[in-house]
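Before any comments, here is the structure.
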Amino acid sequence: LRPEQIKSAIGNRGTFDPADPNILNQGPRGTFNPATFELALNENSNMSTVHHEMAHAYLEIITKIASEPNAPQGIVDQVDRFLKWQGIPDLATWNMMTLDQKRPHHEAMAENYEHYLITGKAPSVELQPLFRKFKLYMLNAYKTLKSFFEQNPDVDKKLPPEMVQFYDRMMASE
């Protein structure tokens, strides 16, 4: 038997790390390089990977825009909402952080964005058909919401309203 034959029954892609006894941990399915804005999909990527990695890119883009002089107030407010949710005092603090210091916050943003998409709740009537497709797309990747939470244990089970607003704005600007 190959590892993927044993583990695939529970939704795992078959990768195995002897140092990590949790067979649900698959390693990175994709990567985003904030220095080059390059997104890469790995061989174990699934339908959620593009959305996850694009969320990293979005966070980098809006924090860079918010850091500019005369940045649009809506973007500044959106970044402030994210930083508050993550317990980071302000944008100056964020900008002084190393990539490794930002990584857990990036992952929280990207994983919770997947959660936002899997709910299928559109921020506008016009986006409802697209969000129904997002929900099906994400459920196809994770099979169930329970499986999603098992594979993403750090995700907020109930998205805070300020982060729903954050993701709503990400998907539909005013």
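Within the range 35-60, count every residue that is part of a loop (DSSP other than H, G, I, E, B) and surrounded by 13 or more Cβ atoms within 10 Å (Cβ to Cβ). Even if it seems obvious, please write down each step before you answer.
The initial filter retains those residues of the range 35-60 that are part of a loop (DSSP other than H, G, I, E, B), namely 35-37, 42-48.
In the following step, the residues that additionally are surrounded by 13 or more Cβ atoms within 10 Å (Cβ to Cβ) were identified as 42, 44-48.
Total meeting the criteria: 6.
Here Leu139 meets each of (1) over 16 Å from Met47 (Cα atoms); (2) without any contact (Cβ under 8 Å) to a residue 24 or more places away in the chain with one exception, condition (1). For the criterion of being without any contact (Cβ under 8 Å) to a residue 40 or more places away in the chain, within 18 Å of Pro153 (Cα to Cα) and either open to solvent by 40 Å² or more (accessible area, probe 1.4 Å) or touching a Pro at 6+ places or on another chain (Cβ under 8 Å) (or both), Pro28 passes. Quick check on Phe166: is it within 13 Å of the chain's Cα centre (by Cα), in contact (Cβ under 8 Å) with a residue 24 or more places away in the chain and over 24 Å from Pro28 (Cα atoms)? Spelling it out, Phe166 is indeed within 13 Å of the chain's Cα centre (by Cα), in contact (Cβ under 8 Å) with a residue 24 or more places away in the chain and over 24 Å from Pro28 (Cα atoms). Among the residues making up the range 61-86, a single one is open to solvent by 10 Å² or more (accessible area, probe 1.4 Å), in a helix (DSSP H, G or I) and either within 30 Å of Lys143 (Cβ to Cβ) or modelled with pLDDT under 90 (or both): Trp85.
The values are calculated or read from the model by the stated rules, or taken from the named source; none is laboratory data. What you are looking at is a predicted structure, and each value in this text was computed from that prediction instead of being measured. Cβ coordinates were reconstructed from backbone atoms using ideal geometry, including for glycine residues, and neighbour counts include every protein chain displayed. Keep in mind that these areas ignore ligands, DNA and RNA; they rest on the heavy atoms of the full protein, side chains included. Shrake-Rupley method; radii C 1.70, N 1.55, O 1.52, S 1.80 Å.
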